């Protein structure tokens, strides 16, 4: 009886969590797309290569997932920071270039 | 040639090769682009933890070194130095202390291809998300690691061997990242690791900023055991909230944690209270299926809500405070934690 109750609670908690997490993106997808389009047009206006996307956008997507951005990054270490993050965050070379371009322009 | 001369000859060769390597390593920075200067980063903090009325005080320093070598290599390391002051116990008044100095990782990264990096040395075991992403003291929302932290991280949370990792596919709609490793058994005090293998793969959808992934690890020494885990992170761009969650299954226990961080504004750099405050909530639960005093997970089924408040001051200073209530058949307990952490980041030398 206890065992059944334990599993029932566990399954209920897992289902609720799954449903909550699965449903939440539906509410944000539309606004996110609008924001992405705005960022993309900004990056095109700034002359960033279209296929690599905006460096700021990549920075927000990959770096800000785990930590806040440092208040300032010395230009002397921008390349080292991004190479470090390429390994830590499993960035592709393309994303690394986009983020480096963004940080170098700050 | 006598045996002694043979040994000398062998050592002379080894010394010569080591000297050549050192000279080459020292000379590399001279040819690096200006933006590839080696850096020192990390955090320094003062933490307190009160469990069941006993308070522990922990001053801690956690420096990170990253030094590029040429265009394809990177040496990186993170260390932790701390002293913890805790009550003597057994009815004795006063405090005693214990110190810890250790390397979390010391690795050489070779950027072999646009989508693959080869890592050698001591590295953080790539299981789940917490170990690699949230263990730095300047990153984690709570001082204490989740209850399931030791599941899949093979005891020491670090591995000694080789790893290949990267981003297999990267498009505007989805990216697939991966990490696969093999670790040898090492009893060295600074490079302690268990013989194991495993990896992690995750899909990230940039538009909704949703990540889902799975991890697998197999311990290959003593009793061979399997560990599995899944994680789900969602950090919407248009709502100032983050959700992180992880589930791990170990041979004798399993559990999960779900964490939410709220902000009062989209703009994390906004001045004052609006940009600085970040309330955080974490719920965690573990289920014990059979006794195992060595796996690091709670010995009985446990539930624990954590409530925290982080405040980010200007100049990279953060304070955090949290209250947790742990419910278990072995006894319920209150846990209070506070901390102040300063994060630093600077070049190893000043430029012209």
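The values are calculated or read from the model by the stated rules, or taken from the named source; none is laboratory data. These numbers were taken from a predicted model, which means no experiment stands behind them. Please note: Cβ atoms are built from the backbone with ideal geometry, for glycine as well, and neighbour counts cover all protein chains shown.
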Only one of B:69, B:74, B:103 is over 17 Å from the mean Cα position of the chain (by Cα) and touching a residue at least 40 places away in the same chain (Cβ under 8 Å), namely B:69
| message | So, residue B:207, is that one outside any strand (DSSP E or B) and crowded, with 16+ Cβ neighbours inside 10 Å or not? | response | yes
Point to revise | Any chance residue B:307 is over 30 Å from residue A:80 (Cβ atoms), assigned by TED's automatic domain parsing to the domain that holds residue B:42 and more than 24 Å from the chain's Cα centre (by Cα) | key: no
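Here's the yes/no breakdown for (1) more than 23 Å from residue B:109 (Cα to Cα); (2) free of Cβ contacts under 8 Å to residues at least 60 places away in the same chain; (3) assigned to a strand (DSSP E or B); (4) in the same structural domain as residue B:306 (by TED's automatic domain parsing):
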| position | (1), (2), (3), (4) |
| --- | --- |
| B:148 | yes, no, no, yes |
| B:151 | yes, no, no, yes |
| B:163 | no, yes, yes, yes |
| B:168 | no, yes, yes, yes |
| B:198 | no, no, yes, yes |
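Results for (1) assigned by TED's automatic domain parsing to the domain that holds residue B:330; (2) assigned to a strand (DSSP E or B); (3) under 19 Å from the mean Cα position of the chain (by Cα); (4) without any contact (Cβ under 8 Å) to a residue 24 or more places away in the chain, shown as yes or no for each residue.
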{"residue": "B:222", "(1), (2), (3), (4)": "yes, no, no, yes"}
{"residue": "B:228", "(1), (2), (3), (4)": "yes, yes, yes, no"}
{"residue": "B:237", "(1), (2), (3), (4)": "yes, no, no, no"}
{"residue": "B:258", "(1), (2), (3), (4)": "yes, yes, yes, no"}
{"residue": "B:292", "(1), (2), (3), (4)": "yes, no, no, no"}
{"residue": "B:300", "(1), (2), (3), (4)": "yes, no, no, no"}
Those residues of region B:308-330 which are farther than 15 Å from residue B:285 by Cα and away from chain A (no Cβ under 12 Å) amount to B:308, B:309, B:311, B:319, B:320, B:321, B:322, B:323
### Query
Is it the case that residue A:60 is part of a helix (DSSP H, G or I), within 11 Å of chain B (Cβ to nearest Cβ), in contact with a helix residue (DSSP H, G or I) (Cβ under 6 Å, 6 or more places away or on another chain) and at pLDDT 80 or above?
no
With criteria (1) in contact with a strand residue (DSSP E or B) (Cβ under 6 Å, 6 or more places away or on another chain); (2) surrounded by fewer than 22 Cβ atoms within 10 Å (Cβ to Cβ), residue B:163 comes up short on (2)
